[in-house]
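These notes are about the structure you will find just below.
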Amino acid sequence: QVQLVESGGGLVQAGGSLRLSCAASERTFRLFTLGWFRQAPGKEREFVAYINYSGDNTYYGDSVKGRFTISRDNAKNTVYLQMNRLKPEDTAIYYCGAAFSPAVQIASYRYWGQGTQVTVSS
């Protein structure tokens, strides 16, 4: 069982930046692909980005490409999402998930955190 805990959300003005963190409870963290997803009110959960176990394979959703960067520190059992040039439409609850292999589908992620709220004001 891998427990994931997100942090770093908050309120920021449009054009600003935030860095989200997701800390895992197990050393086996380093074996998993880690992904970030988000869910806005009234919308389905949306893929944001993933990073594979070694960190040399990343992939981004079209809506965040060029603005967000995913990274991981396996020594700290933590994955990060650096979010720059934030827009009001980035407002959502952001979740991290762990999967056995790189994937954009929600169903591929075995473990989830509780989420962290990001609100971008215009």
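Any idea what the dipole of region 28-99 comes to, in debye rounded to 20, about its Cα centre with Lys/Arg Cβ at +1 and Asp/Glu Cβ at -1?
That gives a dipole near 120 debye.
Where a Cα-Cα gap under 26 Å defines reach, which lysines qualify for Lys87, not counting those fewer than 8 residues away within the same chain?
Straight-line reach from Lys87, under 26 Å: Lys43, Lys65.
Might you work out the accessible area of Asp62 for me, using a 1.4 Å probe with all protein chains in place, and round it to the nearest 10 Å²?
130 Å²
Which percent of Cα pairs goes in each bin when the distances of the chain are cut into 5 angstrom slices starting at zero?
2, 13, 24, 27, 19, 10, 4, 1, 0
In region 39-122, what GluC sites (Glu not before Pro) fall in a loop by DSSP, with at most 10 other Cβ atoms inside 10 Å? Each step should come with its number before you reach the end.
Numbers: sites: Glu44, Glu46, Glu89; in loops: Glu44.
Taking region 39-122 and a limit of 10 other Cβ atoms within 10 Å, the loop GluC sites (Glu not before Pro) found are Glu44.
Hey, what's the Kirkwood Rh for region 4-57 if you take every pair of different alpha carbons, in angstrom?
Result for region 4-57 stands at 13.2 Å.
In square angstrom, what is the accessible area per residue of the chain with a 1.4 angstrom probe?
About 52 Å² of surface per residue is accessible.
What is the percent carbon and sulfur in the accessible area of the chain, measuring with a 1.4 Å probe over the protein chains and ignoring ligands?
Here carbon and sulfur together make up 47 percent of the probe-accessible area.
I'd like to know which of Asn52, Thr78, Phe37 lies farthest towards the positive end of the charge dipole of region 1-105, counting +1 on Cβ of Lys and Arg and -1 on Cβ of Asp and Glu.
Checked the options; the winner is Thr78.
Roughly how many debye, to the nearest 20, is the charge dipole of the chain about its Cα centre, given +1 on each Lys and Arg Cβ, -1 on each Asp and Glu Cβ, and no other charges?
The dipole of the chain has a size of about 140 debye.
Heavy atoms only, probe 1.4 angstrom, no DNA, RNA or ligands counted: give me Arg45, Arg67, Arg72, Arg30 ranked by accessible area, highest first.
These residues rank, largest area first, as Arg30, Arg45, Arg72, Arg67.
Nearest 20 debye, what's the magnitude of the dipole of region 15-64 about its Cα centre given +1 on Lys and Arg Cβ and -1 on Asp and Glu Cβ?
Here the size comes out at about 180 debye.
The values are calculated or read from the model by the stated rules, or taken from the named source; none is laboratory data. It should be emphasised that the depicted structure is a prediction, and the values quoted were computed from it without experimental measurement. Quick reminder, even Gly has a Cβ in these numbers, built from the backbone with ideal geometry, and neighbours come from all protein chains shown. Surface accessibility is based on the protein's heavy atoms, side chains included, excluding ligands, DNA and RNA. Shrake-Rupley method; radii C 1.70, N 1.55, O 1.52, S 1.80 Å.
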